[in-house]
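The structure under discussion appears below in the form of structure tokens.
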Amino acid sequence: MTVQVMKHYTEERKRIGSYRVEKMRIRFEGLGYQVTTFPVEATGLDMIAENNEQVIGLEITNWNKNGYLNFDRLSNMIQNYKDLEFKLKQARDTRAYRRILVYSFTENIENMIPYLFEAKVELMKIGRQDLPDKEEVEGWLSA
């Protein structure tokens, strides 16, 4: 899989984004899923979790209350979900496919909820922004 890297992410922004992806990876692995994550500065899904019954494509945001989902980012997210679905169909994968958006606050997505539902995206609200401590992140950020 080719991953395109976006250049505008600062180290701090990468750390904050990576923190929630890492927390979600740990949670899904704890539930028995095989998990693949991708760099936060890359285009495409942030995480894919799969088991024998289903494949879950996840877009994971970690925004504060002032962040919001705009139409360009929404369009990219929906295309990312469709790209994985297409690859699964090409491989004749018969497992159920779910699309999940993990987000912090309702304010982040409230203007896009109808479009997300139309695209069959399930919503997983966290209710806070996860901010890592520098010491907590150093080990897995440099790995």
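The values are calculated or read from the model by the stated rules, or taken from the named source; none is laboratory data. This one's a predicted model, so the numbers in the text were calculated from it and none came from an experiment. Quick reminder, even Gly has a Cβ in these numbers, built from the backbone with ideal geometry, and neighbours come from all protein chains shown.
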First in the stretch 66-80 and farther than 16 Å from E118 by Cβ, second anywhere and part of a helix (DSSP H, G or I) and at pLDDT 95 or above, Cβ under 6 Å, 6 or more apart: none
Pull out all pairs, ordered by first then second residue, where Cβ-Cβ is under 9 Å, the residues are six or more apart or on different chains, the first lies in the stretch 31-43 and is aromatic (F, W, Y), and the second is surrounded by 16 or more Cβ atoms within 10 Å (Cβ to Cβ) and part of a loop (DSSP other than H, G, I, E, B). F38/G44; F38/L45; F38/D46
Quick one: would you say N108 is outside any strand (DSSP E or B), buried (at least 19 other Cβ atoms within 10 Å of the Cβ) and in contact with a helix residue (DSSP H, G or I) (Cβ under 6 Å, 6 or more places away or on another chain)? no
Looking at the stretch 117-134, I want the residues that are under 17 Å from Q79 (Cα atoms) and surrounded by 13 or more Cβ atoms within 10 Å (Cβ to Cβ) and have a partner that is aromatic (F, W, Y) and modelled with pLDDT of 85 or more with Cβ atoms under 9 Å, at least 6 apart or on another chain. Which pairs are those? A119/Y81; V121/Y81; V121/Y115; L123/Y103; L123/F117
When you look at R92, is it without any contact (Cβ under 8 Å) to a residue 40 or more places away in the chain, over 20 Å from V121 (Cβ atoms) and out of contact with any helix residue (DSSP H, G or I) (no Cβ under 6 Å at 6 or more places or on another chain), yes or no? yes
By residue number, the members of the stretch 38-58 that are modelled with pLDDT under 95 and not in a loop (DSSP other than H, G, I, E, B) are A42
Of those in the stretch 63-103 that are part of a loop (DSSP other than H, G, I, E, B) and modelled with pLDDT of 95 or more, the residue surrounded by the fewest Cβ atoms within 10 Å (Cβ to Cβ) is R92
Look at the stretch 25-37 and say how many of its residues are in a helix (DSSP H, G or I) and in contact with a strand residue (DSSP E or B) (Cβ under 6 Å, 6 or more places away or on another chain). 3
